[in-house]
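Visitor: Have a look at the structure that comes next, please.
The values are calculated or read from the model by the stated rules, or taken from the named source; none is laboratory data. None of these values were measured; they are calculated from a predicted model. All Cβ positions, even for glycine, are placed from backbone atoms using ideal geometry, and neighbour counts span all protein chains on display.
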Amino acid sequence: MSRIGKKPVPLPSGVSASLSGQKVEVKGPKGTRHFQATDDVTITVDGGAVTVKPRGTSKRARQQWGMSRSQIENLVTGVTTGFKKELEINGVGYRAALQGKTLKLALGYSHDVDFDIPEGVTVTVPKPTEITVEGIDQQLVGQVAANIREWRKPEPYKGKGIKYKDEYIFRKEGKKK
């Protein structure tokens, strides 16, 4: 029995869910998102909650049960509060600036890195050493943050690079004489 799957997903006020076949569409104050479920689960929208039940007792049906419920909950969270990833830039001369739909990163290379911001995500630079990625799609927000971080991952000796705000960088000791 899935501990996650058996809980219904509550719909807060201002959020509506509609079901057509196996496609769940959630509308909220921040936008509209949808999820296509597999045929291994049965989804019902009743009142202020969405419930997911497995069709049968196969391993795949039980896997899809919890996963589908989590995906629907992420849709509801996305259209109400949204998702946010915060990045920090550490290093002398390392900085970020926003120019229109392009994020300019100075990361110690011989040239500035131009990162084009995809549709559906907003990137803000509150300080030259901080980047905030926000949106209603959790997967897209995480992927954009990971793509920005990929340009200069934090190194373990001085901690220079782009890291997540809550990330801990394991520091190594340098060479001994």
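Visitor: Regarding Gly47, is this residue farther than 22 Å from Gln139 by Cβ and either β-branched (Val, Ile, Thr) or not assigned by TED's automatic domain parsing to the domain that holds Val133 (or both)?
Guide: Answer is yes for this residue.
Visitor: In addition: For region 10-33, name all the residues that are farther than 12 Å from Thr80 by Cβ and within 20 Å of the chain's Cα centre (by Cα).
Guide: If the condition is that a residue be farther than 12 Å from Thr80 by Cβ and within 20 Å of the chain's Cα centre (by Cα), then Val24, Glu25, Thr32 are the ones that fit.
Visitor: Conditions first: (1) over 30 Å from Thr129 (Cβ atoms); (2) small (Gly, Ala, Ser); (3) exposed (fewer than 15 other Cβ atoms within 10 Å of the Cβ); (4) out of contact with any helix residue (DSSP H, G or I) (no Cβ under 8 Å at 6 or more places or on another chain). Gly100 passes all but one, so which condition is the exception?
Guide: That leaves (1) as the condition not met.
Visitor: Restricting the first residue to region 143-162 and requiring it to be in contact (Cβ under 8 Å) with a residue 40 or more places away in the chain, which pairs with a second residue that is of a type in the set (Asp, Glu) meet a Cβ separation below 7 Å and a spacing of at least six or different chains?
Guide: Hits for this filter: Gly161/Glu155.
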